[in-house]
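Just so you know, all these numbers are worked out from the coordinates, no wet-lab data involved. If you're wondering where the values come from, they're calculated on a predicted model, not measured in any experiment. Methodologically, a virtual Cβ is constructed for each residue, glycine included, from the backbone with ideal geometry; neighbour enumeration extends over all protein chains shown.
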Amino acid sequence: MNSVDKDNKGNYLISSRYTHSLIYIDHKTGEVLWQLGGKNNSFTDLSHGVATGIQWQHHATWQDDYTAVTVYDNQAVNWNRTEESRGLKIKLDQHAMTAEVVAIAIHPQHYIVHSQGSMSQLSNGNLLIGYGYAAAMTEFSPNGKEVLCDWQFASLHAMPRGEYSPGFIQNYRTYKLPWKGYSLMPPDVAVENGKLYVSWNGATEHRKWLLEDSADDDAGTWTKEVARSGFETEIVLQGSNQTLKLTALDGAAETLGSWTMLLDELSGVFNVTVCSVSFTILCQIQS
């Protein structure tokens, strides 16, 4: 057993890898109500054997108000198989007892994945697949025909018959969820030829930099606000003061972090030291 999902009745949908089947169990009695695939299959397959032909599958979950399931169909337990692994969305009619594949997603490089893997349906209907032993993930259109994003944890090296060897990185399941990142480290800063270059990796809510001259008197003091530009933002310096204050702002102009920098001029090149730092970490907890 490698996945369990409950429906609105409280019954269990279980993926049983070694029986090549999904099993639906009554939550009160433990009775098997039906089985999709395997030797004791309960459904008439309207997709010429594809819906009931799952093998070594993973991650079966209910979709579309419990009228369909998504499942990652490995189709392989070792490298001797030539069938490609695939993601399936299967429509189930529990009254007529029919099963029909309404979406099938296959990686363009036709991965054969003999262990692990996942498939989920996103809120917009897109299908997200994680390839388990082959450390990659792909987002498909709702019908599975169009690749929208393809990403790998590590290089995959082609082997005979299309198998892939991912090395030591494996990905049991893939999820796509909204999240916010707040970096615990100060930004990386460099100054050269009158320009300051700054990057703050991991701060997803960061939108603007505020750079201020921290001179003790009012003569020559200045403030500059610059929109964050990609990974590294360039800011043209003004004046010659050696102490500057750098502040990171979010989209609502709220402060994410503030740092005082001491600039040391040597042969026209500045070495930058972050000598004090204060920032707030915001956490969002979902029950």
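Within the shell defined by Cβ-Cβ distances under 15 Å, the residues around residue 209 carry a net charge of -3, with Lys and Arg each +1 and Asp and Glu each -1. Can you give the net charge of the other residues whose Cβ lies under 11 Å from the Cβ of residue 140, counting K and R as +1 and D and E as -1? Taking every other residue near residue 140 into account, the sum is 0. For the modelled label position 7 Å from the Cα of residue 205 along Cα-to-Cβ, which residues of the stretch 169-198 have backbone nitrogen atoms closer than 14 Å? In the stretch 169-198, the label zone of residue 205 (backbone N under 14 Å from the point 7 Å along Cα→Cβ) covers 179-184. Listed here are the pairs 176/208; 39/89; 9/176; 9/180; 28/180; which of them are more than 30 Å apart at the Cα? The answer is 9/180; 28/180.
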